[in-house]
Amino acid sequence: ETGVTQSPTHLIKTRGQQVTLRCSSQSGHNTVSWYQQALGQGPQFIFQYYREEENGRGNFPPRFSGLQFPNYSSELNVNALELDDSALYLCASSLEVRGRIDEQFFGPGTRLTVL
Amino acid sequence: DQQVKQNSPSLSVQEGRISILNCDYTNSMFDYFLWYKKYPAEGPTFLISISSIKDKNEDGRFTVFLNKSAKHLSLHIVPSQPGDSAVYFCASEGGGGADGLTFGKGTHLIIQP
């Protein structure tokens, strides 16, 4: 059983550019959530995908968007990058059971730096 | 507006003693609470959870206590070991799961030999 993997590990972009981060879920998990962790802060919920549809979203603007694929891998896309988007982006997969998310298994994250 | 607060950025405890990490929450809709542990360059790892219908949950050296009237929970680690040195995050869920987890800022636990 493989764990959650994310790519790339590190990324440097300039303001205004677009970025795509990737996540491969743990085998058998049908739900993926994305979090942003700024320096010195806890992870903040961006959105969640369940069976390829967004089914929950935190307080993030529409330029943060995502996709979940039939094999349950997923992408986080951020358009028009701003300096404040510099953060660690964490992906977490889980198996939704009876409407409650079971333990979320986190990947190691992608460190995004916006210059 | 922080709904989950961990007011101690760091905590230093001697090896073998008890570590107590605290967490307060403001949202009365939260009904499920989790603790995660994070090492540098790794993602958070689930440690232990508690439902609001309970006031205590134990798993080996780890015990979580929930005081709903005070909106407070704590994680006890006993005895503390060097491998416990990490950042600990308290997180809450409001039910249904689609709102994601709300995390505190974390407490850096340092176990001293």
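A short reminder: the numbers here are calculations on the coordinates, not readings from a lab. Keep in mind the model is a prediction, meaning the values are calculated, not measured. Note that we place each Cβ from the backbone using ideal geometry, even for glycine, and neighbour counts take in every protein chain shown.
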| task | Please list, or write none, the aspartates and glutamates whose alpha carbon is within less than 15 Å of the alpha carbon of B:K37, excluding same-chain residues fewer than 8 places away. | result | A:E103, B:D59, B:D84
| task | Report the Stokes-Einstein translational diffusion coefficient (µm² s⁻¹, integer) for the range B:1-78, Rh taken as the Kirkwood radius over Cα pairs, at 10 °C with viscosity 1.306 mPa s. | result | 118
| remark: For chain A, Rg(Cα) over 2.2 N^0.38 Å is 1.00
| query | Hey, which lysines would be in cross-link range of B:K68, C-alpha to C-alpha under 17 Å, not counting anything within fewer than 8 residues on its own chain? | reply | B:K5, B:K54, B:K56
| query | Taking the simple approach of a point 7 Å from Cα along Cα-to-Cβ for both A:N79 and A:E53, what is their distance in nm? | reply | 2.3
| said: What do you get for GluC sites (Glu not before Pro) in the range A:1-107 restricted to DSSP loop and a cutoff of at most 10 other Cβ within 10 Å of the site's Cβ? | reply: A:E1
| Points 7 angstrom from Cα along the Cβ direction at B:S74 and B:Q3: gap in nanometres? | 2.5
| Between the range A:40-115 and the range B:54-72, how many Å separate their Cα centres? | 29
| message | Using square roots of five times the C-alpha gyration tensor eigenvalues, list the equivalent-ellipsoid semi-axes of the protein assembly as shown in whole Å, biggest first. | response | 29, 20, 16
| said: Which residues among the range B:40-58 fall inside the zone where the amide N is under 17 Å from a point 7 Å beyond the Cα of A:E103, along Cα→Cβ? | reply: B:43-51, B:57-58
